[in-house]
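Q: Sharing a structure here in structure tokens format.
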Amino acid sequence: MTSDQQQTPSASITTPTEREIRIERVFDAPRDRVFAVYTDPELIPEWWGPRDSPAIVDRMDVQAGGSWRFVMRNPDGSESGFRGTYREVTPPERIVQTFEWEGMPGHVSVETATFEDLGDRTKVTTTSIFHTPEERDGMLASGMERGLNETYARLDELLASDRAKER
């Protein structure tokens, strides 16, 4: 592994079943801090999405039955909306939510994120279940891996900052 890869780890992305995407990534921060950053609407714009497409939190009610909606401002001036509903929130261990890109309404996946305590590090595992293999494959083909790794690199930076340590 090169020093660049050590500085910016990549997420492990697998497809355990024909309708599933599983993502694993270890962060150099305690579980309570990682969970707090995932669930703080003030911090979402600092790490969610690519750097060149700022995220705006329209709503984020982090509790079972609560809803969320983020809007990304794309470099060309257009906007992309994403939304869902929280099905389960178990601090600091687990979040289950729906995920829908407003550009393809009706194509809703269910995401389960678990936060595994590794002491001063945290393993985040996200499993997304899609209605069909085609929906899963469409997500994989959308460039999600590049966006995901950029998002996680931004999350690394935030987790190391004093702003995240205050949470």
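The values are calculated or read from the model by the stated rules, or taken from the named source; none is laboratory data. Being a predicted model, the structure only gives us computed values, none of them experimental. Note: ideal-geometry Cβ built from the backbone for every residue, glycine included; neighbour counts use all protein chains shown.
Q: Quick check: anything in segment 130-143 small (Gly, Ala, Ser) and assigned to a strand (DSSP E or B)?
A: No: zero hits.
Q: Mind checking which residues of segment 118-129 are of a type in the set (A, V, I, L, M) and either part of a strand (DSSP E or B) or more than 17 Å from Val26 (Cα to Cα) (or both)?
A: Across segment 118-129, the qualifying residues are Val124, Ile129.
Q: Regarding segment 145-152, can at least one residue be identified that is in a strand (DSSP E or B), in contact with a strand residue (DSSP E or B) (Cβ under 6 Å, 6 or more places away or on another chain) and touching a residue at least 12 places away in the same chain (Cβ under 8 Å)?
A: Within segment 145-152 (the criterion being in a strand (DSSP E or B), in contact with a strand residue (DSSP E or B) (Cβ under 6 Å, 6 or more places away or on another chain) and touching a residue at least 12 places away in the same chain (Cβ under 8 Å)), the answer is no, since none of the residues qualifies.
Q: Is there a residue being crowded, with 17+ Cβ neighbours inside 10 Å and of a type in the set (Gly, Ala, Ser) anywhere in segment 130-140?
A: No, that holds for no residue.
Q: Surrounded by fewer than 19 Cβ atoms within 10 Å (Cβ to Cβ), at pLDDT 95 or above, of a type in the set (Val, Ile, Thr) and in a loop (DSSP other than H, G, I, E, B): which single residue out of Val62, Val57, Val71 fits that description?
A: Val62
Q: Something else: Do you know which residues across segment 12-30 are in a loop (DSSP other than H, G, I, E, B) and either within 17 Å of Leu155 (Cα to Cα) or at pLDDT below 95 (or both)?
A: First pass over segment 12-30, keeping only residues in a loop (DSSP other than H, G, I, E, B): 15-19, 28-30.
Asp28, Ala29, Pro30, listed by residue number.
Q: Cβ-Cβ under 8 Å, sequence separation 6+ or interchain: first residue in segment 61-83 and under 11 Å from Gly49 (Cα atoms), partner part of a strand (DSSP E or B) and polar (S, T, N, Q). Which pairs?
A: Qualifying pairs under 8 Å: Val71/Ser80; Met72/Ser80; Asn74/Ser80.
Q: Still on this structure, I have one more. Collect the residues in segment 84-95 that are in contact with a Gly (Cβ under 9 Å, 6 or more places away or on another chain) and touching a residue at least 40 places away in the same chain (Cβ under 8 Å), keeping them in residue-number order.
A: Taking segment 84-95 as the starting set, the residues that turn out to be in contact with a Gly (Cβ under 9 Å, 6 or more places away or on another chain) are 85-87, 89.
Hit for segment 84-95 is Val89, nothing else.
Q: For segment 104-117, which positions are surrounded by 13 or more Cβ atoms within 10 Å (Cβ to Cβ) and either among the hydrophobic types (A, V, I, L, M, F, W, C) or closer than 11 Å to Phe27 by Cα (or both)? So that I can check it myself, show each step before the final result.
A: Step one: filter segment 104-117 for residues surrounded by 13 or more Cβ atoms within 10 Å (Cβ to Cβ), giving 107-117.
Selection gives Val108, Val110, Ala113, Phe115, Glu116, Asp117.
Q: Also: Exactly one condition in (1) more than 13 Å from the chain's Cα centre (by Cα); (2) crowded, with 16+ Cβ neighbours inside 10 Å; (3) modelled with pLDDT of 95 or more; (4) within 23 Å of Asp156 (Cα to Cα) is not met by Pro9; state its number.
A: (3)
Q: Whether any residue in segment 112-134 is over 17 Å from the mean Cα position of the chain (by Cα), without any contact (Cβ under 8 Å) to a residue 24 or more places away in the chain and more than 20 Å from Leu43 (Cβ to Cβ) is what I want to check.
A: yes
Q: Note down all Cβ pairs under 7 Å where the first residue falls in segment 97-110 and is closer than 15 Å to Glu20 by Cβ, the second is part of a loop (DSSP other than H, G, I, E, B), and they're at least six residues apart or on different chains.
A: That search, which allows pairs on different chains as well, returns Ser109/Phe130.
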